[in-house]
Amino acid sequence: MKQANVVLHPAADVGPEDFHDASRQPVSKFLPYLSSNEQDQIRSLFPSGTLYARGTSEGRDGVGRTHWEKLRPGDLALFFRDNRLIGSGELVLEKDSPLLAADLGWHADEHSPTPYQLTYIVRDIREWNIGRPEVSSNRLQSAGSVSLFGSLR
């Protein structure tokens, strides 16, 4: 059995009090960009019609893409802001789509010159407000099971 990765993401655009709402998206917005199998999977996982998604940009020199390409269903995503854990969820699907990013309004901004087109969908969202322990991100990366993103939408 493959061990799940842990994905650490800064979430500068949301705080602990509104992480849940900021990540919420209608399933219907995603369906045109998904294969038939992916559509069935998402409808099954999110029967309420609402899913939870985040995205990242290519990043400097493609670093964001390099980390995003390591993502796999079952990975644990942890979202941080100001050194506080504000949310977590299990990754269920990743999608690279500039058109989806545009539809979601995830355009280039002051944090990234490229759109946040490297999207992923998470389930079992939990909100937190816990201080982050002092652990070097270099030390975590060297463990080989942690992906770090610089820009997150």
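The values are calculated or read from the model by the stated rules, or taken from the named source; none is laboratory data. Please read all numbers here as calculations on a predicted model, not as lab measurements. Here Cβ is always computed from backbone atoms with ideal geometry, including for glycine, and neighbour counts include all displayed protein chains.
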Note on LEU85: of the conditions (1) at pLDDT 90 or above; (2) surrounded by 18 or more Cβ atoms within 10 Å (Cβ to Cβ), unmet is (1)
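Of the residues that make up the range 28-40, is at least one among the polar types (S, T, N, Q), at pLDDT 90 or above, touching a helix residue (DSSP H, G or I) at 6+ places or on another chain (Cβ under 8 Å) and more than 20 Å from ARG126 (Cβ to Cβ)?
First pass over the range 28-40, keeping only residues among the polar types (S, T, N, Q): 28, 35-37, 39.
Right, trim to at pLDDT 90 or above and you get 28, 35-37, 39.
Add one more test, that the residue is touching a helix residue (DSSP H, G or I) at 6+ places or on another chain (Cβ under 8 Å), and what stays is 39.
From the residues that got through so far, the ones that are more than 20 Å from ARG126 (Cβ to Cβ) too are 39.
Yes, some residue in the range 28-40 is among the polar types (S, T, N, Q), at pLDDT 90 or above, touching a helix residue (DSSP H, G or I) at 6+ places or on another chain (Cβ under 8 Å) and more than 20 Å from ARG126 (Cβ to Cβ).
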Among residues of the range 48-81, those that are within 15 Å of LEU8 (Cβ to Cβ) and small (Gly, Ala, Ser), counted: 3
How do the pairs read when you match residues in the range 23-34 that are in contact (Cβ under 8 Å) with a residue 40 or more places away in the chain with residues anywhere that are of a type in the set (Lys, Arg), using Cβ under 8 Å and keeping only pairs 6 or more apart or on different chains? SER23/ARG54; PHE30/LYS95; TYR33/LYS95; LEU34/LYS95
Taking the residues in the range 99-147 that are surrounded by fewer than 16 Cβ atoms within 10 Å (Cβ to Cβ), under 22 Å from ARG72 (Cβ atoms) and not basic (Lys, Arg) as candidates, determine which candidate is modelled with the highest pLDDT. ASP124
Kindly list, by first and then second residue, each pair from a residue in the range 44-58 that is touching a residue at least 12 places away in the same chain (Cβ under 8 Å) and in a strand (DSSP E or B) to a residue that is surrounded by fewer than 18 Cβ atoms within 10 Å (Cβ to Cβ) and of a type in the set (D, E, K, R), limited to pairs with Cβ atoms under 8 Å and residues at least 6 apart or on different chains. THR50/ARG24; LEU51/ARG24; LEU51/ARG123; TYR52/ARG24; TYR52/ARG123
Quick one: in the range 90-130, of everything that is under 13 Å from the mean Cα position of the chain (by Cα) and assigned to a loop (DSSP other than H, G, I, E, B), which residue is nearest to ASN37 (Cα to Cα)? GLN117
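Is there a residue in the range 54-68 that is surrounded by 14 or more Cβ atoms within 10 Å (Cβ to Cβ) and of a type in the set (Ser, Thr, Tyr)?
yes
When you look at ASP75, is it modelled with pLDDT of 85 or more and exposed (fewer than 14 other Cβ atoms within 10 Å of the Cβ), yes or no? Give the derivation first.
Working: modelled with pLDDT of 85 or more: yes; exposed (fewer than 14 other Cβ atoms within 10 Å of the Cβ): no.
For ASP75, the condition - modelled with pLDDT of 85 or more and exposed (fewer than 14 other Cβ atoms within 10 Å of the Cβ) - is not met.
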